[in-house]
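What follows is one structure encoded as structure tokens, with my remarks underneath.
The values are calculated or read from the model by the stated rules, or taken from the named source; none is laboratory data. All values reported here derive from a predicted model rather than from experimental measurement. Ideal geometry is used to build each Cβ from the backbone, glycine not excepted, and the neighbour counts take in all protein chains shown. Areas reflect the complete protein model, heavy atoms only, side chains present, ligands, DNA and RNA absent. Shrake-Rupley method; radii C 1.70, N 1.55, O 1.52, S 1.80 Å.
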Amino acid sequence: MFYYMYFGYGLVIIAFLITLVADIYLRTRYSKYKKVKVKSGMTGAEVAREILKNNGLEDIYVVETRGYLTDHYDPRAKVVRLSTDIYNGDSIASVSVAAHECGHAVQDKEGYFFLRFRSFLVPIVNFSSKFGYLAVLIGLIFGAMNLAWVGIFLLVAILLFQLITLPVEFNASKRGKMFLNKLKVVEASEKSMASSMLMAAAMTYVASLISTLLELLRLVLIVMGNDRD
């Protein structure tokens, strides 16, 4: 049992370090490209509206929201929400993030499979995240290993959700780069910087997936250790 426990602690540390490195990488890229003004002089809000208009999505609003990198597309409200720095900024970071979020809006319009599948999984993931860990905890406390394994099974839904998120995010970044080039928002000398910014954002989702996988493996080891006692 102690072998499983110490190995599990090691997985927690590894997961933490992976998440930390990915977050630092994103913040470093963002901090760097936030200072580089885009030569076109367009703000994130202007870029977003131009992309949406170019894709027949004039009915989608672009609004400013609070927070640090809280940018997202809301498919229910049909709104692209951009944080203050992205909304008002005219930097490489601002136009890149704005283009990425508009990529999600175009995915929604086109019925992109992975986006729809991810939306389908949301209620399942909400249920699993609430009761999965609870089932594992109760199972371990009372020695009900069958219940603990049910909890593990529920938590696999979270891993599946994050796995499906990867093509959604990478595709949005790919679309974002295409939009920036097509609308001449960035010049040739700026394309690599925009690509770097978009890649940094996408890599955080890869880190989240790996962290969730390691956490799930840790729980499996704990349950296995208790099951053998």
task: Could you pull the accessible area for D74 with a 1.4 Å probe, rounded to 10 Å²?
output: 30
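As a check on your grasp of the helix formula, calculate [θ] at 222 nm for the chain: sum -39500 (n - 2.57) over DSSP H runs of n ≥ 4, divide by the residue count, round to the nearest 500.
-26500 deg cm²/dmol
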- prompt: Which one is right for this structure if Rg/Rh (Cα atoms, Kirkwood Rh) is calculated from it: (1) 0.97; (2) 1.08; (3) 0.99?
  reply: (2)
- prompt: Can you tell which of F170, T65, A48 lies farthest toward the positive end of the dipole of the chain, using +1 and -1 charges on the Cβ of basic and acidic side chains (Lys, Arg; Asp, Glu)?
  reply: A48
task: Provide the per-residue ³J(HN,Hα) series for the range 168-179, in order, calculated from phi with Karplus coefficients 6.51, -1.76, 1.60 and θ = phi - 60°, each as a whole number of Hz, with x at glycine and proline positions.
output: 4, 6, 5, 5, 5, 5, 4, 5, x, 4, 5, 4
- line: Across G151, G44, G176, the residue with the highest GNM fluctuation in the chain (Cα network, 10 Å cutoff) is G151
message: From the phi angles alone, apply the Karplus equation (6.51, -1.76, 1.60; θ = phi - 60°) to the range 47-58 and give each ³J(HN,Hα) in whole Hz, x where the residue is Gly or Pro.
response: 5, 4, 5, 5, 5, 4, 4, 5, 10, x, 10, 5
message: Under 13 Å from a point placed 7 Å out from the Cα of V36 along the Cα-to-Cβ direction: which residues of the range 173-190 have their backbone N that close?
response: 186-190
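With charges set only on the Cβ (+1 for Lys and Arg, -1 for Asp and Glu), what does the dipole of the chain come to about its Cα centre, in debye to the nearest 20? It would help to have the intermediate numbers written out before the result.
Values: 25 positive and 19 negative charges, 96 e Å.
Rounded to the nearest 20 debye, it is 460 debye.
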field: Kirkwood Rh in Å, taken over all unlike Cα pairs in the range 1-96
entry: 15.6
- line: GNM on the chain, Cα springs under 10 Å; top mean-square fluctuation among S189, S40, S96 goes to S189
query: By accessible area of protein heavy atoms, probe 1.4 Å, what ranking do M42, M178, M203 get, highest first?
result: M178, M203, M42
message: With a 1.4 Å probe and all protein chains kept in place, how much accessible area does I141 have, in Å² rounded to the nearest 10?
response: 110
- line: Counting only residues 5 or more apart in sequence or on a different chain, those whose built amide H sits under 5 Å from that of V79 are D74
message: Rounded to the nearest 5, what % of DSSP beta bridges with both residues in the chain are antiparallel?
response: 45
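Could you give the dipole magnitude of the range 48-110 about its Cα centre, charging the beta-carbon of Lys and Arg +1 and that of Asp and Glu -1, in debye to the nearest 20?
Details: 7 positive and 11 negative charges, 28 e Å.
My answer is approximately 140 debye.
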